[in-house]
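A short write-up of the structure that comes next.
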Amino acid sequence: MKRGILSLILIFTVLPLAAQQAAKPADWSAWSFLLGEWVSTGGGGAPGQAIAGGFSFAFDLQKRILVRRSFSEFPATDDMPALRHDDLLIVFQDETGKGTRAVYFDNEGHVIHYTVAFSDGGGTVTFVSDAAAPGPRFRFIYRKQGDGAVALQFDIAPPGKPEAFAKYVEGTARRK
C-alpha cells in the first residue's frame, strides 16, 4: 500500500515538473545568423580545397536540436579520384549542464564530439572537438560577416598537441 501511495505522489508531483522542463525549448537566438541554406565557394581545386559545397542549419525535434547538413565536392588529383564529402552535425543543449554540445557524423565513418561556444559579441561560433588521445583535434569556426556572408575556418591540431591548432582550410559562404 505504501508503495502505491509513493508511486502516486511521484506521478502527480515529479512528472508534471519534468514535463514542464521538457516543454521549455532552449534559447537558440544566437544561432539566427546561421539559419537557412548556404552556398560556399571553394579554392578552385587546390589540394585540400573543395571546388563546390554548401550547408544548411535548421531546427528539428520542436527546436530541441539544431541540425547542420553539409557537403563538399573535391576534384580528382593525381593520387585520388573526384569525391563528395557529406556530413551531419547535431547541436544540442547538454542536459548535464555542460552547455552547448554537438556530435558530427560523416560518410567516411567519423564520429566527433564537440563543445560549442560563442564569442562575447555573438558573431562567432566555435566548435572544438574533445581531446581524445592519440588522434588529432579539430576546430571549426563560423564568423558572421558584415555583408551577410559567413567566413568558415577549419583547423587541426596534431596528435599529442591538442592546443596546437593550424588552419587547414577556410572559405566563405552566402545564403542561397
Those residues of region 54-77 whose amide nitrogen sits under 17 Å from the label point placed on residue 172, 7 Å along Cα→Cβ:
54-55
Under a cut-off of 20 Å between alpha-carbon atoms, report the aspartates and glutamates in cross-link reach of residue 161, not counting same-chain residues fewer than 8 places apart.
130
How many nm separate the modelled label positions at residue 39 and residue 108, each set 7 Å beyond the Cα in the direction of the Cβ?
2.6
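Local charge sum around residue 91 (other residues, Cβ-Cβ under 9 Å, Lys/Arg +1, Asp/Glu -1)? Don't skip to the end; give the middle numbers.
Values: positive: 68, 101; negative: none.
Charge balance near residue 91 sits at +2.
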Net lengthening on full extension, residue 76/residue 52 (0.36 nm per residue, minus Cα-Cα):
7.3 nm
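Translational diffusion coefficient of region 118-169 at 10 °C, 1.306 mPa s, Stokes-Einstein with Kirkwood Rh over Cα pairs, in µm²/s as a whole number.
Numbers: Rh = 11.8 Å.
Approximately 135 µm²/s, per Stokes-Einstein.
Laboratory data are not the source of any read-out in this text; all were calculated from the coordinates shown. Remember, predicted model here, so these are calculated numbers, not experimental data. We place every Cβ from the backbone using ideal geometry, glycine too, and count neighbours over all the protein chains shown.
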